[in-house]
Amino acid sequence: MSEGKYPINLWVNEERYAKLQAAGLADMCKEAMAGLKVIYVYANDAQKDKILQVIPQAKFDSATTKSIELIPRKQKDKIFDLVIQKKSIDVLDDFLKTF
Amino acid sequence: MAAIGHGRKPIVERILEPAEAVKKIQGLPQVPIRSQIANEVIGISYGFFSPLEGFMNSADVDSVCKKMRLASGVVWSIPIVFDMSDAEIGKYGITPGKSVVLTYMGNPMALFEVEEIFTYDKKEMAQAIYGTTEDKHPGCARTYKYAEKFIGGKITLVNRPKINEPYGPYFITPLEMRKKFEERGWKRIVAHQTRNVPHTGHEWLMKGAWSQTYAELPIDKPYVGVLVNAIIGEKRKGDYIDEAIILTQDELRKSGYFGDHNHLTSLTFWDMRYAGPKEAVFHSILRTNLGLTHHMFGRDHAGVGTYYGAYDAHNLLATIQDELDITPVYSMNWLYCPHCGEVTSEGLCNHKSEWQKFSGTLIRSIVDDGVKPPRLIFRPEVFDLVMECAEKYGFGSPFVTDEYLEKRTPVFSIEPLKA
C-alpha cells in the first residue's frame, strides 16, 4: 500500500546501505535532513492502527512529522529485510503477518 | 531589596537551620512521603511556588479549580495537594492543629503544620484543570491516584536536599537565580521550558526567543539571557535520562552555540501534569518566581495527545496577562529546508513543499537506527555527550529503562539530619 499516508522512516546506516547496494536497491534511498539517507515505508490507516496496537512502544508523531516513530530497531530491521527481499516498499502487510 | 515573585509577593525561603530544626521536630510523628510530594516540598520551601507557604487547604483548591485563583485572589492554575488515605491519617495520628515531620529516604525533610483535612471530588478537579475526565490523560490519571483525603498546611524545610552529581550546578533557587542574573548584567531573561535533549529546532527556538526578547534594548553589552529550566520529575520508560537532558542543554553553551554571556541551564523539580494551558500558567508563575522577565511558549505548550488546541495556552495567558509579571514570547516551529540549506522558521521560509519537519521523536528514531544525525539538525557535541551519558549513567542507553529506574542515582537525597 505505497499510497498510504503515514511514513515509517528507515534511516539508512552503513550496514543497511551495504545491503541495499548488494541488492541493487541503493536508488531506493531518499535524502532527508541535511544529508541523511532514508527509505520511507508508508502505512495506510489500518496498518498504522495495527502497528500501534502490536508494537506498544511505537508512537504516531501527530504534532510535527506525522510519521510513525519509536518502532524498536529489531522490528525496523525486519521491515528493512522485507524491503530487500521484495525489492519494494510495499511490505507492511507481510510485516504485520508476523504478529 | 526584597526579591519579588508571583502575585507581587516577596520570595521567602521557608527553611530552618539544622540546630533549630532538630529541636523543632523532636518527638513529632514521622510521615514518609513519595517523590512527587518531596519535589513539591522543595518547590514550596525555596519559593519556586511563591506565594504558597504549604500544601493547599480546601478554600485554595476550590478556588483554583473554579476560578484559577488562590482564595486570596492571586492567579494559580494547578492544585498543589498533599493526599493521604484515612488509614494512614489514623496510623500517624494526623490532626489539624498538630505538626508532623515529613520524611523522605528515611530521613526528616520538612515540618508540616497540619491545618485542615478535607475531601474534594477528583473528577471535578480533573475536569477543571485538564478539561477532561479521561483517565488516559496523564494529569487525570495522577489525580485519580490520589488517596481519598487531602491535608492542607504550612511546610518548612528542616533538611536541605543534597543535590547529587551531575546535577549540583543546575539547582539554582529563586534567590540565588536573581544573583546570577545580576552578575551577568542581564536586564531581560527568557525562559526555555524543556524536558528534552536539544536538537537544533530547540536551539533555534531559544535563539529566536532571545532575539524577540532583546527588542529595543541597546546592544553595547549583553543584556539578555536565555534560561534553560529543565523540569526534573517522574520518569517514564523511553524518556531521555535526566543526566543526558541537563548536561546536553548546558553543552550548547560549552560548545559555543551560546555563551556565558547569554545562556544558563538550571532545573526545577516538578512532576509534569501535561495540563496544556493551565500548565502554561503554572510555568509562568514558576519562572516569575525564578526572576525571569519573559517566557517562551511554542504551540501546544505542555500538552498531550489532542486534548488542547495549538494556541489554547496563548489564549488563556492573554486573559490574565495584566496579573502576570512575565511577558510571553510566542515561537513558531523551526524546521529544515533543503532549498535554503538551513534550519529556518516556518514563519520565514516559503519553500513549504520542501520543508522537512523534525522533532525529538524523529531524531530519536535516527539514533535508534544507528545513524549519527547531521550537525545541522543535531549538534555533534550533543550527540557525543548523549552517547557518553548512556554509558556513564544510563546503563548503556540514553533512554530510561527498567534498569535505570531501579539503579539510577537520585537527583537529590535527603541525608540524616545533624544539628
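The values are calculated or read from the model by the stated rules, or taken from the named source; none is laboratory data. Keep in mind that what you see is a predicted model, and the values were worked out from it rather than measured. Neighbour counts run over all protein chains shown; Cβ positions are idealised from the backbone, glycine included. These accessible areas exclude ligands, DNA and RNA; they are computed on the full protein's heavy atoms, side chains included. Shrake-Rupley method; radii C 1.70, N 1.55, O 1.52, S 1.80 Å.
Calculate, in nm to one decimal, what B:Q212 and B:M387 gain on full extension: separation in residues at 0.36 nm each, minus their alpha carbon distance. Present the calculation step by step, with values, prior to reporting the outcome.
On the way: separation 175, 0.36 × 175 = 63.00 nm, distance 3.33 nm.
Full-extension gain reported as 59.7 nm.
For region B:151-159, 3J(HN,Hα) computed residue by residue from phi via the Karplus equation (6.51, -1.76, 1.60; θ = phi - 60°) reads 10, x, x, 6, 10, 9, 6, 10, 8 Hz, glycine and proline entered as x.
Counting only protein heavy atoms and a probe of 1.4 Å, the accessible surface of the protein assembly as shown is 50% carbon and sulfur.
Only loop residues by DSSP count here, and only those with at most 11 other Cβ atoms within 10 Å; note down the GluC sites (Glu not before Pro) in region A:1-98 that meet that. Kindly include the intermediate steps, with their values, before the conclusion.
On the way: sites: A:E3, A:E14, A:E15, A:E31, A:E69; in loops: A:E3.
Answer in residue order: A:E3.
Here the label points at B:A310 and A:E15, each 7 Å from Cα along the C-beta direction, are separated by 3.9 nm in the simple model.
Taking 20 °C and 1.002 mPa s as the conditions, I'd like the Stokes-Einstein D for region B:6-160 in µm²/s, using the Kirkwood hydrodynamic radius from alpha carbon pairs. The calculation lands on 134 µm²/s.
Across all C-alpha atoms in region B:252-330, the radius of gyration and Dmax reach 13.9, 40 Å.
Could you list, in their original order, any pairs among A:K59/B:K357; A:K66/A:K97; A:K86/B:K357 whose Cα atoms are separated by more than 18 Å?
A:K66/A:K97; A:K86/B:K357
Can you list, largest first and rounded to whole Å, the semi-axes you get for chain B by taking the square root of 5 times each eigenvalue of its Cα gyration tensor? Write down the numbers at each step before the final one.
Values: eigenvalues 258, 111, 100 Å².
Result for chain B: semi-axes of 36, 24, 22 Å.
On average, how many beta carbons from a partner chain sit within 10 Å of the beta carbon of a residue in B:221-230? Kindly include the intermediate steps, with their values, before the conclusion.
On the way: counts 0, 0, 0, 0, 0, 0, 0, 0, 0, 0.
Mean shielding by partner chains, rounded to a whole number: 0.
So what's the back-of-envelope 222 nm ellipticity for chain A, counting only DSSP H runs of four-plus at -39500 (n - 2.57) apiece and dividing by all residues, rounded to 500?
Working: 4 runs with 39 residues, N = 99.
So the calculated ellipticity at 222 nm is -11500 deg cm²/dmol.
Taking the DSSP bridge list for the protein assembly as shown and keeping only pairs wholly inside it, about 60 percent are antiparallel. Given R0 = 60 Å, the distance between the Cβ atoms of A:A22 and B:Y144 translates into a calculated FRET efficiency of 0.65. When you restrict to C-alpha pairs under 8 Å that are six or more residues apart and normalise by the size of chain A, the relative contact order lands at 33 percent.
Computed extension gain for B:N164 through B:S413, at 0.36 nm per residue and net of the alpha carbon distance, reaches 88.9 nm.
Think of a 1.4 Å ball rolled over the protein heavy atoms: chain A then has 51 Å² of accessible area per residue. I'd like the Kirkwood hydrodynamic radius of region B:134-220, using the inverse of the mean 1/r over distinct C-alpha pairs, in Å. In region B:134-220 this quantity evaluates to 17.9 Å.
Cβ neighbours within 10 Å, averaged per peptide: list B:180-186, B:331-337, B:209-215 in order, most packed at the top.
Values: B:180-186: 15.4, B:331-337: 20.9, B:209-215: 18.0.
Highest to lowest by the protection proxy: B:331-337, B:209-215, B:180-186.
In region B:337-365, the residues whose accessible area drops by at least 30 square angstrom when the other protein chains are added to the isolated chain are B:Q356, B:K357, B:S359, B:T361, B:L362, B:S365; the probe is 1.4 Å and only protein heavy atoms count. Counting only DSSP beta bridges with both residues in chain A, the antiparallel share comes to about 90 percent.
Here the gap between B:M105 and B:H351, fully extended at 0.36 nm per residue and compared with their Cα-Cα distance, gives a gain of 83.1 nm.
Quick one: net charge of A:E14's neighbours, Cβ under 12 Å, K/R +1, D/E -1? Surrounding charge for A:E14 is +2. Positive-end ranking of B:I155, B:G47, B:G139 along the dipole of region B:6-160, with charges on Cβ about the Cα centre, is headed by B:G47. Mean residue ellipticity at 222 nm from the helices of chain B, using -39,500 (n - 2.57) per DSSP H segment of n ≥ 4 over the full residue count, to the nearest 500 deg cm²/dmol? Dividing the helical sum by the residues of chain B leaves -10000 deg cm²/dmol.
With a ≥ b ≥ c the root eigenvalues of the C-alpha gyration tensor of region B:269-419, is it rounded (a/c under 1.5), prolate (a/b larger than b/c) or oblate? It would help to have the intermediate numbers written out before the result.
Numbers: a/c = 2.15, a/b = 1.04, b/c = 2.07.
The shape class here is oblate.
Comparing B:E342, B:E113, B:E176 in a Gaussian network model of chain B, where Cα atoms under 10 Å apart are tied by springs, the biggest mean-square fluctuation is seen for B:E342.
Dipole magnitude for chain A: computed about the Cα centre from +1 point charges on Lys and Arg Cβ and -1 point charges on Asp and Glu Cβ, it is near 160 debye. For region B:48-203, the solvent-accessible area works out to 38 Å² per residue, with a probe of 1.4 Å and every protein chain left in place.
Any idea of the total accessible area buried by the B-A contact, 1.4 Å probe, rounded to 100 Å²? Before the final figure, lay out each step's value.
Numbers: alone 17760 and 5910 Å², together 21970 Å².
Rounded to the nearest hundred, the buried surface is 1700 Å².
Tell me the trypsin sites (Lys or Arg not before Pro) within region A:58-97 that lie in a loop according to DSSP and have at most 13 other beta-carbon atoms within 10 Å. If you can, show how the numbers build up before the last one.
On the way: sites: A:K59, A:K66, A:R73, A:K74, A:K76, A:K78, A:K86, A:K87, A:K97; in loops: A:K66, A:K87.
Counting only loop positions with at most 13 other Cβ atoms within 10 Å, the trypsin sites (Lys or Arg not before Pro) in region A:58-97 are A:K66, A:K87.
Computed over the protein assembly as shown, the Cα gyration tensor eigenvalues convert (square root of 5λ each) into semi-axes of 43, 27, 22 Å, ordered from largest to smallest.
The angle separating the long axis of helix B:174-184 from the principal Cα axis of greatest extent in chain B is about 30 degrees.
Between 0 and 90 degrees, the angle of helix B:200-214 with respect to the longest Cα principal axis of chain B falls at about 80 degrees.
Shown for region A:52-73: residues covered by the partner protein chains by 40 Å² or more of accessible area relative to the chain by itself (probe radius 1.4 Å), namely A:T64, A:T65, A:E69, A:L70, A:R73. Shown are B:C340, B:C349, whose ranking by accessible area with a 1.4 Å probe and every protein chain present, most to least, is B:C340, B:C349.
Here, P(r) means the percent of Cα pairs in each 5 Å bin from 0 to the largest distance; for chain A it is 2, 13, 26, 27, 19, 11, 3, 0. Roughly what % of DSSP beta bridges within region B:275-419 run antiparallel, to the nearest 5? Percent antiparallel among DSSP bridges in region B:275-419 is about 55.
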